[in-house]
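Undergrad: This is the structure, below, for whatever I ask next.
None of the figures in this text is laboratory data; all of them are computed from the coordinates on show. Nothing here was measured: the structure is a model prediction, and the numbers come from that model. Cβ sites come from the backbone with ideal geometry, for glycine too, and all protein chains shown count toward neighbours.
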Amino acid sequence: MKTDFLTPELIAYEEIFPVWRNHLWPERQDPIESMSAMTFPSGIDAGVMRLYKPSFFGIRHQGKLIAVNSGHLTSKFDYRSRGLYVDPEFRNQGLAQKLLDAAARQGASEGAILMWSYPRRSALFSYLNFGFLESDISPESETNCYVWKRIVR
Ligand SMILES: CC(C)(COP(=O)(O)OP(=O)(O)OC[C@H]1O[C@@H](n2cnc3c(N)ncnc32)[C@H](O)[C@@H]1OP(=O)(O)O)[C@@H](O)C(=O)NCCC(=O)NCCS
């Protein structure tokens, strides 16, 4: 199915939540929240949830949400991309790249210099394709790793 013409738009949390719960994190026991307190290059800061607001991005095909992502600042200069998911029927066409780009643009517009993420290793190819670099910091998890990319020249 051709998707070249599809572009990301801002969507509501209520729209992204079912995609996250049913497709991205179906096994998750902890509650799914609109943002995370994780920081880069490591650590947790509860202040993130208080200080910043998340944005949610989606790509629709014939009215149906087929790909999503979100992002939020985790410090004044760091922006996290979180919750990237593309419907299997629409993979391998660059939709993830468009959604990472949407997050990077949003991050830059909010003053971030760096964008980071914590993808599963199984999805790392998409992040490296976008120009992310894998961080040297060892993650707590074996399945995920930190990646980062400068988003402002
Ligand atoms: C990881 C995931 C988001 C990738 O989605 P995607 O849309 O297929 O990814 P991309 O946009 O990076 O495209 C992937 C491939 O399409 C190719 N492609 C085809 N047309 C393209 C275009 N117009 N522009 C860019 N890439 C294109 C790319 O070359 C790439 O192939 P390659 O790795 O062989 O170079 C998707 O597999 C997914 O949802 N997985 C499950 C959830 C998950 O792991 N999410 C990650 C967060 S943990």
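Undergrad: Starting at the first residue of segment 59-70, write each ³J(HN,Hα) from the Karplus equation 6.51 cos²θ - 1.76 cosθ + 1.60 with θ = phi - 60°, in whole Hz, x for Gly and Pro.
TA: Here the 3J(HN,Hα) series is 10, 10, 10, 6, x, 9, 6, 10, 7, 9, 7, 9 Hz.
Undergrad: Still on this structure: I'd like the trypsin sites (Lys or Arg not before Pro) in segment 52-129 restricted to DSSP loop residues with at most 15 other Cβ atoms within 10 Å, sorted by number.
TA: Sites meeting the loop and neighbour criteria: LYS76, ARG91.
Undergrad: Are there GluC sites (Glu not before Pro) in segment 51-153 that DSSP puts in a loop and that have at most 10 other Cβ atoms within 10 Å, and which ones?
TA: Passing both the DSSP loop test and the Cβ count: GLU140, GLU142.
Undergrad: Can you tell me the convex hull volume per residue for segment 13-153, based on C-alpha atoms, in Å³ to the nearest whole number?
TA: Dividing the Cα hull volume of segment 13-153 by its residue count gives 116 Å³.
Undergrad: For segment 9-150, with only Lys/Arg (+1) and Asp/Glu (-1) charged at the beta-carbon, what is the dipole magnitude about the Cα centre, in debye rounded to 20?
TA: 320 debye
Undergrad: Continuing with this model, one more query. What do you get for chymotrypsin sites (Phe, Trp or Tyr not before Pro) in segment 1-96 restricted to DSSP loop and a cutoff of at most 12 other Cβ within 10 Å of the site's Cβ?
TA: Loop-located and lightly packed - PHE5.
Undergrad: Here's another thing I want to ask about it. Please list log₁₀ I(q)/I(0) at q = 0.28 Å⁻¹ for segment 1-71, using the Debye equation with identical point scatterers on the alpha-carbon positions.
TA: Scattering profile of segment 1-71, log10 relative to I(0): -1.28.
Undergrad: Between ILE59, ILE11, ILE32, find the one with the highest GNM mean-square fluctuation for the chain; connect C-alpha pairs within less than 10 Å.
TA: ILE32
Undergrad: Moving to a separate point now. How far, in degrees from 0 to 90, does helix 95-109 lean away from the longest principal axis of the Cα atoms of the chain, to the nearest 10?
TA: 50 degrees
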